[in-house]
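Report on the following structure.
The values are calculated or read from the model by the stated rules, or taken from the named source; none is laboratory data. This is a predicted model, so every value here is computed, not measured. All Cβ positions, even for glycine, are placed from backbone atoms using ideal geometry, and neighbour counts span all protein chains on display.
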Amino acid sequence: MNSAQPHARWVIVLTLVVALTLMILPLPAMVEPFRPEWAILVILYWSLALPARVGVGVAWLVGLLQDVVQATALGSHALAFAVVAYLTIQLCQRIRNVPVWQQALTVLGLVLLARGLLFITRGLSDSAGVDWRFWLPTLTSTLVWPLVFVLLRFLRRRFQVN
């Protein structure tokens, strides 16, 4: 057994907790609509890097936690995160073998899918309508993907998360 393996689980958990924390930190009203989907980005990274460790179940649990923390309809983020994790795992070999800027285009599609699922679940739960700003996190998530990728890859290598 590798001596670094006990840290592996904690690195993954800590990055997911940080992502959930970033999702609820208060931001100025002008910046709030631009908040990236940190939790999805972290799930995407770990699903690409370690699909056997971080999969649909972890994504569903993180989505459920985000539903609770953000007081949204229970299961809406869980569904979106699980679908995104499933597709990421199915496509991980293709996504891994392209440069980060091309991965960002895939991230754009996956986050757009997640936001679309959230849009549908909000419509089913008769929540207040959404305007065009609902879709802005898709763009900002795509733009910050290279930073998230490099940071999490550094942590994975530094703590030998396998």
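For ALA8, all conditions in the list (1) at pLDDT 95 or above; (2) assigned to a helix (DSSP H, G or I); (3) surrounded by 16 or more Cβ atoms within 10 Å (Cβ to Cβ) hold save one; what is the number of the exception?
In the conditions (1) at pLDDT 95 or above; (2) assigned to a helix (DSSP H, G or I); (3) surrounded by 16 or more Cβ atoms within 10 Å (Cβ to Cβ), ALA8 misses (1) alone.
Examine the range 101-108 for a residue that is closer than 19 Å to LEU155 by Cβ, of a type in the set (S, T, N, Q) and in a helix (DSSP H, G or I), and state whether such a residue exists.
Looking through the range 101-108, at least one residue is closer than 19 Å to LEU155 by Cβ, of a type in the set (S, T, N, Q) and in a helix (DSSP H, G or I).
Of all residues in the range 20-49, how many are in a loop (DSSP other than H, G, I, E, B) and surrounded by fewer than 17 Cβ atoms within 10 Å (Cβ to Cβ)?
Number of matching residues: 8.
Restrict the check to the range 61-68 and report whether at least one residue is of a type in the set (S, T, N, Q), touching a residue at least 24 places away in the same chain (Cβ under 8 Å) and either over 19 Å from THR142 (Cβ atoms) or touching a His at 6+ places or on another chain (Cβ under 8 Å) (or both).
Yes; the residues of the range 61-68 include at least one that is of a type in the set (S, T, N, Q), touching a residue at least 24 places away in the same chain (Cβ under 8 Å) and either over 19 Å from THR142 (Cβ atoms) or touching a His at 6+ places or on another chain (Cβ under 8 Å) (or both).
May I ask you to list the residues in the range 45-96 that are among the charged types (D, E, K, R) and closer than 14 Å to LEU16 by Cβ? Before you say what the answer is, go through the steps one by one.
To start, the set of residues in the range 45-96 that are among the charged types (D, E, K, R) comprises 53, 67, 94, 96.
Within the range 45-96, ARG53 is the sole residue that qualifies.
Which is touching a Leu at 6+ places or on another chain (Cβ under 8 Å) and either more than 19 Å from TYR86 (Cα to Cα) or surrounded by fewer than 14 Cβ atoms within 10 Å (Cβ to Cβ) (or both), of VAL107, VAL130, VAL148?
Sole residue among the options that is touching a Leu at 6+ places or on another chain (Cβ under 8 Å) and either more than 19 Å from TYR86 (Cα to Cα) or surrounded by fewer than 14 Cβ atoms within 10 Å (Cβ to Cβ) (or both): VAL148.
Restricting to the range 64-91, and then to whatever is of a type in the set (Ser, Thr, Tyr) and in a helix (DSSP H, G or I), can you tell me which residue is surrounded by the most Cβ atoms within 10 Å (Cβ to Cβ)?
Among them, the one singled out is THR88.
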